[in-house]
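**Q** The structure that follows is given in the form of structure tokens.
The values are calculated or read from the model by the stated rules, or taken from the named source; none is laboratory data. Owing to the predicted nature of the structure, the values given are computational and were not obtained by experimental measurement. Ideal geometry is used to build each Cβ from the backbone, glycine not excepted, and the neighbour counts take in all protein chains shown. Please note that ligands, DNA and RNA were not included when accessible areas were found on the heavy atoms of the full protein model with its side chains. Shrake-Rupley method; radii C 1.70, N 1.55, O 1.52, S 1.80 Å.
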Amino acid sequence: MAQPFRLSRGGRIDRSRPVRFTFNGRTVEGFHGDSVASALLANGIHLVGRSFKYHRPRGILSHGPDEPSALLSVDRGPGRIDPNNRASVVEARDGLKTLSQNHWPSLEHDIGAVNDLLSPVFVAGFYYKTFMWPRKFWDKVYEPFIRAAAGLGKAPSVPDPDRYANRHAHCDVLVVGAGPAGLSAALAAARTGKRVILADEGPEPGGALLHDVTAEIDGRPAAEWLSATLAELDSRETVILLPRTTAFGYYNHNHVALAERITDHLPNPGTAPRERLWQVRAEQVVLAGGSHERPLVFADNDRPGILLAESVRVFINRYGVAPGRRIVFATSGASAYAAALDAKAAGLHVTLVDLRTESECGPELARLKATGAEVLTGHTVIGAKGTKRVTGLIVAPVDRAGRCGARRLLPCDCVGMSGGWTPAVHLFSQSRGKLAYDETIDAFRPGTSVQAERSAGASRGTYDLAGCLQEGFAAGAAAARSEERRNFTASPTLTGFRPVRAMPTDVDPGKVRAFVDFQNDVTAKDITLAVREGFHSIEHVKRYTTTGMATDQGKTSNMNALGIVAGQLDKTLPGVGTTTFRPPYTPVTFGALVGPARHALFDPIRTTPIHEWAEEHGALFENVALWRRAWYFPKSGEDLHEAVARECEAVRKGVGIFDASTLGKIEVVGPDAAEFMNRIYINPWLKLDVGRCRYGLMLKEDGYILDDGVVARIAPDCFHVTTTTGGAPRVLAHMEDYLQTEWPDLRVFLTSTTEQWAVIALQGPKAREVIAPLVDGIDLSPEAFPHMAMRQGTICGVPTRLFRVSFTGELGFEINVPSDHARAVWEAVWKAGQAHGITPYGTETMHVLRAEKGYIIIGQETDGTVTPDDVGLSGMIAKAKKDFVGKRSLARPDVVASGRKQLVGLVTDDPKVVLDEGAQIVDDPGQPIPMRMLGHVTSSYWSPNCGRSIAMALVADGRARQGRSLHVTTPEGFARVTVVDPVFFDPKGERIHA
Amino acid sequence: MLEALYRTARALPLGRAPASDPACSGVQITPAGAEARFALRIRDAGASAAGLPLDGPINSVRGDDRRWIARLGPDEWLIGSDEAEADQLPAAIAADLGERAHAIVDVSHRNVGIDVSGPLAAAVLNAGCPLDLGDAAFPAGSATRTLFGKAEIVLIRHDGATPRYRVECWRSFATYVHGLLAEASLGVGETARR
Amino acid sequence: MLLIACPYCGNRPETEFRCGGQAHIARPADPGALSDAQWAEYLFIRDNPRGIHAERWNHVHGCGRWFNARRDTVSDRFLATYKMGETPQSQESNSILSTSTQAEARA
């Protein structure tokens, strides 16, 4: 029979739209509007999972986001398997596959349930106590065992095929929660014309109004008020109403993160994003997130069929489902009576057990008794019967001293329990607001605000409907800076409860399994034991017992745990304090956090105008900062070393073409440009002639090398600065900082031209012959255009800043052309070079060629602790300059001290051995461990032009060690090397002037 | 030789793609054609130069689609113009500024423009741009440097009956910015309310 | 994410900014005249208060300007932001909730 526990009428489900999904392979029928939990209950399915630690049978505790037990794996198709979904918030829809978790071989018969029998062993702190020794067991035995047992549900194994969106939004008033308080707040704020965002985690706004079917507002049924309010909010363009949207994080300065679930409830989502992360910046926030009901703590209170009382009411009224036919409500407060009244009205058998005495009860008692239901006041719950489904509740009369009378078994198939209510202060607490304990409601409620927010309704401890509406309206109006206030009349709400930590019992409380934290399987006994063992701080108890540390963050358990600790320590609740609430309020998918930042959109991949040409010519690429640079151009069959050897030889003997477009470029312009350059760089700049270049080195104020690059003087008041590829943003920021904050008197302007100019480097003895026919307006002869000069003219008709510079030691040019023309010019040069055997080369060859010449690379020979003298460049320092950035630091005691690491060349005894970059260097490999490290290899290559390996290294007192032997670590042991000058090729530098 | 074609034969990184509306979302994403742009820096700007107003507030744009000037900071402007004007404009500006220290740097090839328009244009931009793009905070005539995802952009809002924005980014970020715009337009109108 | 009132642009999100550490530490006019200890003090020694801290911020992905701010390191509240060379008007002025918005700054 389909849906045997579906009530014949009632509920907000659409009975004309049946849905079918599966649970552990079995088809479950429900209706549109059902949650997975309500559909399971409609089919009489209570056993939906096994608990985390003891593998105890678990059912559905709640109807909402606080559900700790009914955690299902949801399968929406290939790649769309998502573990640990709360059955209470997953909407039932066609085609969904749901699976229970944490059992083997099946939910009904679970081997792991043996843990439950062994529970006396698994006490609080079990892991800390058990896995301490023997120490050597940790790696091989304990850790693998713990890892296998840990975790709940299975992580997905294939990439997530869904799309996730991101949206930044601003509003005047953000309202969290669309229950009576939130709706009322949104209404008040919206009427001022301000921009309002109203977010609610449920599929349908309304909160408690969706199941409080007998409530009236201003003399009308609450449902009418609800639809009128929604219609009004809908009609306003300034209101964004977001259902299925959880505000999960409250960050600085009213930055609130919301997760909107767009398609999970749709059988055919199309191309729509699955979820959208809203990053809302709100002028004002109204928190109206409601409250959570507390379970009662008694033996075996976790049996399937035992629900929270209000949840029983929700399943009956909102979903038209009877969680049982014979229901016992167990409570210490008034609200459960409302559930009992509604259950009775639905034709179910109802008994109510109240811990309170008759005199403690309010009007609720008479109302329920009038229905003919049996009410047992002054009774405690001793325990539950049944294993995979509750079959009865053992109750007994109890006096104020906790003495129990004769037991009585109440047969039942469902229990609705209520231990009172806890305001959902999570977001308030995340906003750094200070909580204040309120004895009248036995709970912490929002105290002092730190950000521009206010709470309203149940999240503030106001539980009656009229109060929620009034408070919400006032909060919404105040948030929108309006004076308007409204009075609401509403049917009275049954409120008030007697705080109870663990139910009084007639057995040894140390022997029963009364659960406090259902998700992490923490019992009252565990918490008591922790306190007895000396854990008195609530933060320590939490970590030792893991109570409140599951993904539900203790929504149902924190106050009970706190109360038990306080009782043990004989302290008040505020004396014990609370633990810290942290985002996310409920679990958020990684997809929502990542958004569109995946694959090509993970990071910008910066490419040059020559990139496609390089791709077409078989280049392999490497990442340099965000850039993708051509690494080498293998011909068919070549590996890296063969290709690089060929490219290196081509440059030295003929001509090579290289894409240097990624070099940073800054146009430094203004009457004081030369003075500015003088202060930023260690070199002198005032006398550099227009049309000439200089290799510049700049330091940070601490004297260490920041960056380097060739600079050309374009005009007396204009310099074309180049930086390293990775250093471009850093250098511009460094220059701007000094210009704006230290020398605002200097009339200098900086403009990044990195991407305005593409740079085609042409290097090798034939370089001049190749470009000669293409260049106009520039005399290329060595006399007219010497090394380190810059000329402006045209190449292929395109304006160019032509640099005669070299990072290879060969005759070379760097052709700067506007980027959109670079490919055309490149191809023209390529064509002209064919007669000369022009060869494209990549960054690897560039590195080898410069290393042969002993040229440093920032970040390779330098690491932020290297001075100009360390790399042998102290000669560049302009001695006449009184000051420049970093100059004073070059006289610091540790910089002038002997023993600093200096740049040297290393050649291995065996010319075939190529050292590892980063390898450590020692003097005597026979010394005892730990050895004294002298330095490390900074660059190391096979040099085709030298016919052997070459390396550069930073070695303590390196220059004084020239000609001496040292030893370098290799995977095979130590390699003996000789310290040499770091220039390996053409030491006199004649080729460059060709 | 490219001489004759110098100002017209530019190989733009996004090509000359036609306007695209990836999922009929009501948002048009159109890479701009070859345009000229200049970075102007001056401290004591005065009222105007070469007919371009320099006295607008920071984060505003003046002019029309063919010739605009956006003030990005107290002493910084970004100027956009037709290619046809590009060769004369810097000299004309320099002439008007006279002795006042300034810098005009050609950044035509550094910048890439993408036009984003349509009723949901702001929502698409807000997928990556953290600014308030509401009519009160960012009306037509606004212009600012900001972020779009992980890329820096200049965002300009032109006049128009339907919202029209220009996104300017550096050349090598254009693929990323265009890709993120296209991705953001997919399902931008979809909400959880159905 | 902090909301920071750039003195030129109004309130902008933190991601557009870069923090430059403690403010009001002027580079010595003649570093060569300083002893090693004095230079080390300038170079390395910074306050790390629990409470109000004057710090430098750069609106790097906005107007590009450096400016100064007074921030409470406990609450992250900005008490004031002000241009380089200016002094904060008063300790409580320019709090982030009362300062100019993007639109007001432009107007």
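**Q** Of A:G637, A:C648, A:Y585, which is farthest on the positive side of the dipole of segment A:580-651, counting Cα position, with +1 on Lys and Arg Cβ, -1 on Asp and Glu Cβ, and the Cα centre as origin?
**A** A:Y585
**Q** Any idea of the accessible area per residue across the protein assembly as shown, 1.4 Å probe, to the nearest Å²?
**A** Numbers: 49330 Å² over 1295 residues.
Normalised by residue count, the accessible surface of the protein assembly as shown is 38 Å².
**Q** Run the reach check for B:K150 against lysines, Cα to Cα strictly under 29 Å, same-chain hits fewer than 8 apart removed. What comes back?
**A** A:K665, A:K700, C:K83
**Q** Label chain B by shape, choosing from rounded, prolate and oblate, from the square roots a ≥ b ≥ c of the eigenvalues of the Cα gyration tensor; if a/c is under 1.5 it is rounded, and otherwise prolate applies when a/b is larger than b/c, oblate when it is not.
**A** Values: a/c = 2.34, a/b = 1.48, b/c = 1.59.
Taking the square roots of the gyration eigenvalues as a ≥ b ≥ c, chain B is oblate.
**Q** Run lengths n ≥ 4 of DSSP H only: what is the helix-derived mean residue ellipticity at 222 nm for chain A, with -39500 (n - 2.57) per run over all residues, to the nearest 500?
**A** Helix contribution divided over all residues of chain A: -5500 deg cm²/dmol.
**Q** So if the hydrodynamic radius of chain A is defined as the Kirkwood radius over C-alpha pairs, what does Stokes-Einstein give as its diffusion coefficient at 37 °C and 0.692 mPa s, in µm² per second?
**A** 97
**Q** A further question on this structure: Please compute, over every Cα-Cα pair in segment A:14-129, the percentage with a separation greater than 22 angstrom.
**A** On the way: 2447 of 6670 pairs.
For segment A:14-129, the fraction of Cα-Cα distances above 22 Å is 37 percent.
**Q** Using a Cα-Cα cut-off of under 19 Å, which lysines could be cross-linked to A:K831, ignoring same-chain neighbours fewer than 8 residues away?
**A** The reachable lysines, counting only those whose Cα sits under 19 Å from A:K831, are A:K635, A:K653, A:K766.
**Q** If I take every Cα pair under 8 Å that is 6 or more residues apart in segment A:295-419, average their sequence separation and divide by the length, what percent do I get for the relative contact order?
**A** 35
**Q** At a 10 angstrom cut-off on C-beta neighbours, averaged per residue, how do the peptides A:523-530, A:536-543 rank from highest to lowest?
**A** So the peptides A:523-530, A:536-543, ranked by packing, come out A:523-530, A:536-543.
**Q** Okay, next question. Interface size between chain C and chain A, please: total buried accessible area, 1.4 Å probe, rounded to the nearest 100 Å². List each step's numbers first, then the result.
**A** Values: alone 6770 and 41020 Å², together 45460 Å².
Summing both chains' loss of accessible area gives about 2300 Å².
**Q** While we're looking at this one, here's another question. Distance in nm between label sites at C:F44 and A:S227, each 7 Å beyond Cα in the beta-carbon direction?
**A** The two pseudo-label positions are separated by 7.5 nm.
**Q** About the Cα centre of segment A:345-487, how large is the charge dipole given +1 on each Lys and Arg Cβ and -1 on each Asp and Glu Cβ? Please answer in debye to the nearest 20.
**A** Charge dipole of segment A:345-487: 420 debye, to the nearest 20.
**Q** Over the whole of B:180-187, what's the average partner chain Cβ count within 10 Å per residue? Rounded to a whole number, please.
**A** The per-residue average across the peptide is 6.
**Q** Which GluC sites (Glu not before Pro) in segment B:75-114 pass both tests, a DSSP loop state and at most 12 other beta-carbon atoms within 10 Å?
**A** Answer by residue number: B:E99.
**Q** Any idea what the dipole of chain A comes to, in debye rounded to 20, about its Cα centre with Lys/Arg Cβ at +1 and Asp/Glu Cβ at -1? Working shown, then result.
**A** Numbers: 113 positive and 112 negative charges, 430 e Å.
Using only the charged Cβ atoms, the result is roughly 2060 debye.
**Q** At 1.4 Å probe size, with the rest of the protein present, what percent of the exposed accessible area of segment A:500-586 is carbon and sulfur atoms?
**A** Values: 1810 of 3320 Å².
Summing carbon and sulfur atoms, their accessible area is 54 percent of the total for segment A:500-586.
**Q** Sticking with this one: Can you give the FRET efficiency for A:T448 and A:V121, using 1/(1 + (r/R0)^6), R0 = 51 Å, r = Cβ-Cβ distance, to the nearest 0.05?
**A** 0.65
**Q** Still on this structure, I have one more. How much of the calculated P(r) for segment A:295-419 lies past 25 Å, in percent of all Cα pairs?
**A** Counting pairs separated by more than 25 Å, the tail of P(r) holds 14 percent.
**Q** Let me have the relative contact order for chain A, percent, based on Cα pairs under 8 Å that are six or more residues apart.
**A** For chain A, the relative contact order is 9 percent.
**Q** Note the angle between two axes, namely the Cα long axis of helix A:822-833 and the longest principal axis of the Cα atoms of chain A, as a number of degrees from 0 to 90, rounded to the nearest 10.
**A** Between helix and principal axis, roughly 40 degrees.
**Q** Another question, then. Between A:R543 and B:A95, what is the label-point separation in nm under the 7 Å Cα-to-beta-carbon projection?
**A** Rounded to a tenth, the inter-label distance reads 7.5 nm.
**Q** Another question about this same structure. How crowded by other chains is A:881-888, given as the mean number of beta carbons from other chains within 10 Å of each beta carbon? Let's see the in-between values first.
**A** Working: counts 0, 3, 6, 1, 2, 1, 2, 12.
Across A:881-888, the average partner-chain Cβ count within 10 Å equals 3.
**Q** Would you please give the FRET efficiency between A:R485 and A:D218, computed as 1/(1 + (r/R0)^6) with r the Cβ-Cβ distance and R0 = 25 Å, to the nearest 0.05?
**A** Numbers: r = 15 Å, r/R0 = 0.60.
Result of the calculation: an efficiency of 0.95.
**Q** Ignoring ligands, DNA and RNA, how much accessible area is buried between chains A and B, both sides summed, with a 1.4 Å probe, to the nearest 100 Å²?
**A** Using a 1.4 Å probe, the pair buries roughly 4700 Å².
**Q** Tell me the carbon and sulfur percent of the accessible area for segment B:28-193, rounded to whole percent, probe radius 1.4 Å.
**A** Of all accessible area on segment B:28-193, carbon and sulfur atoms account for 51 percent.
**Q** Taking 40 Å² as the minimum loss, tell me which residues in segment A:725-773 lose that much accessible area going from the chain by itself to the full protein complex (1.4 Å probe).
**A** Relative to the lone chain, where solvent access is computed with a 1.4 Å probe, segment A:725-773 loses at least 40 Å² at A:D737, A:Q740, A:T741, A:E742, A:F749, A:T751, A:S752, A:E755, A:Q756.
**Q** Probe radius 1.4 Å, ligands and nucleic acids left out: can you give me the accessible area buried at the C-B interface, summed over both chains, in Å² to the nearest hundred?
**A** 1400
**Q** Over its Cα atoms, what ratio of radius of gyration to 2.2 N^0.38 Å does segment A:884-993 give?
**A** Normalised by 2.2 N^0.38 Å, the Cα Rg of segment A:884-993 equals 1.19.
**Q** Next question, about the same structure. Hey, got a sec? Which GluC sites (Glu not before Pro) in segment A:571-663 land in a DSSP loop and have at most 16 other Cβ atoms within 10 Å?
**A** For GluC sites (Glu not before Pro) across segment A:571-663 that sit outside H, G, I, E and B with at most 16 neighbouring Cβ atoms in 10 Å, the list reads A:E638.
**Q** Once phi is turned into θ = phi - 60°, what whole-Hz ³J(HN,Hα) does the Karplus curve with 6.51, -1.76 and 1.60 give for every residue of segment A:256-266, x standing for Gly and Pro?
**A** Computed from phi, the couplings for segment A:256-266 are 10, 9, 10, 10, 9, 9, 8, 10, 4, 8, 9 Hz.
**Q** Report, in whole Å, the centroid distance computed from the Cα atoms of segment A:372-431 and segment A:297-321.
**A** 11
**Q** Averaged over A:791-800, how many beta carbons belonging to a partner chain fall within 10 Å of each residue's beta carbon?
**A** Average neighbour count from other chains, rounded to a whole number: 3.
**Q** Let me ask another. I'd like the distance between the alpha-carbon centres of segment A:156-177 and segment A:444-484, rounded to an integer number of Å.
**A** 26
**Q** List the residues of segment A:157-175 whose accessible area drops by at least 20 Å² when all protein chains are present, compared with their chain alone, using a 1.4 Å probe and counting only protein heavy atoms.
**A** A:R163, A:N166, A:R167, A:H168, A:H170
**Q** While we're looking at this one, here's another question. Using a 1.4 angstrom probe on heavy atoms only, work out the carbon and sulfur share of the accessible area of segment A:663-753 in %.
**A** About 54 percent, which is the carbon plus sulfur part of the accessible surface.
**Q** Here's something else I'd like to know. Please compute the Cα-Cα pair-distance distribution of segment A:663-753 with 5 Å bins starting at 0, giving whole percents from short to long.
**A** Percent of pairs per bin, in order: 3, 15, 29, 29, 19, 5, 0.
**Q** Please state the relative contact order of segment A:500-586 as a whole percent: Cα pairs under 8 Å, 6+ residues apart?
**A** Value for segment A:500-586: 28 percent.
**Q** Trypsin sites (Lys or Arg not before Pro), restricted to segment A:1-39: which are DSSP loop and have at most 16 other Cβ atoms within 10 Å?
**A** Working: sites: A:R6, A:R9, A:R12, A:R15, A:R20, A:R26; in loops: A:R9, A:R12.
Those that pass, being in a loop and sparsely packed, are A:R9.
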